[in-house]
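Some notes on the structure that comes next.
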Amino acid sequence: MDMTDSSTAPKARILIADDRPDNLHLLATRLANEGYAFITAADGEEALKKLRSAVPDLVLLDIHMPKKDGFDVLQEMRADPLIAHIPVIVVTATRIAPQDVRLGLGLGADDYITKPFDWRELAARVRAKLRVKYVEDVLRRRRELGLLPQDLSARLT
């Protein structure tokens, strides 16, 4: 994926995990307008299934969901080597305690944003996380192919 030429780049696929249909619709509409492909999940169990089957490029994850909350999803993601590398932006309600933010980041969230949010800010964070993931994916593929010097490859693990 060439991030410099958006006309030829494949669309990044983003999983939106939120139990509120209005939130899913809003985020899906905004992401589609930005040129992203998306998939949705209405609870934590569905989010994990879709993570493993679709392997999206990024996750927008609500914390308060049925079946499994976002913290459980994060913990299971980071323990699974097939999906542990996928960046996660927690997008959750404004009435959160500081320990919730610390817990989310401690479990491996890459970013944490509260609702209501400014779309331009979230869009900028999505672009930044996708740029980092692209570089990490390239390095991971080169390491798997043995194309990185041993000292650099060892530092990336």
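The values are calculated or read from the model by the stated rules, or taken from the named source; none is laboratory data. Worth saying up front: this structure is predicted, and the values here are computed from it rather than measured. For neighbour counting, all protein chains shown are included, and Cβ atoms are generated from backbone atoms with ideal geometry for every residue, glycine included. The accessibility values were calculated without ligands, DNA or RNA, using every heavy atom of the protein model including side chains. Shrake-Rupley method; radii C 1.70, N 1.55, O 1.52, S 1.80 Å.
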Review point. For the chain, which whole percent of the accessible surface, found with a 1.4 angstrom probe, sits on carbon and sulfur atoms?
Key: 53
Point to revise | Within the chain, helix-based [θ] at 222 nm, where runs of 4 or more DSSP H residues each add -39,500 (n - 2.57), nearest 500 | key: -15000 deg cm²/dmol
**Study point:** Average projection area in nm² (convex hull over Cα atoms of segment 92-131, one quarter of hull surface)
**Key:** 2.9
Check your understanding: Using modelled backbone amide H atoms (1.01 Å from N, in-plane), which distant-in-sequence or interchain residues come within less than 5 Å of I113's amide H?
Key -> V90, V91, T92
**Study point:** Å² per residue, accessible surface of the chain at 1.4 Å
**Key:** 56
Study note, to complete from the structure: The Cα extents of segment 69-117 along the principal axes, largest first and rounded to whole Å, are 32, 19, 15
Exercise for review: Along Cα→Cβ, 7 Å out, is where each label goes; now give me the distance between the ones at A54 and R143 in nm to one decimal.
Suggested key: 2.7
Study note, to complete from the structure: Counting only DSSP beta bridges with both partners in the chain, the antiparallel fraction in percent, to the nearest 5, comes to 0
Exercise for review: Hey, could you get me the Stokes-Einstein D for segment 38-121, Kirkwood radius over alpha-carbon pairs, 4 °C and 1.567 mPa s, rounded to whole µm² s⁻¹?
Suggested key: 101
Check your understanding: Here are several values of percent of Cα pairs over 27 Å apart: (i) 36; (ii) 23; (iii) 32. Which one was derived from the coordinates shown?
Key -> (ii)
**Study point:** For segment 132-138, 3J(HN,Hα) per residue [Karplus equation, 6.51 cos²θ - 1.76 cosθ + 1.60, θ = phi - 60°, Hz, x = Gly/Pro]
**Key:** 5, 4, 4, 5, 4, 5, 4
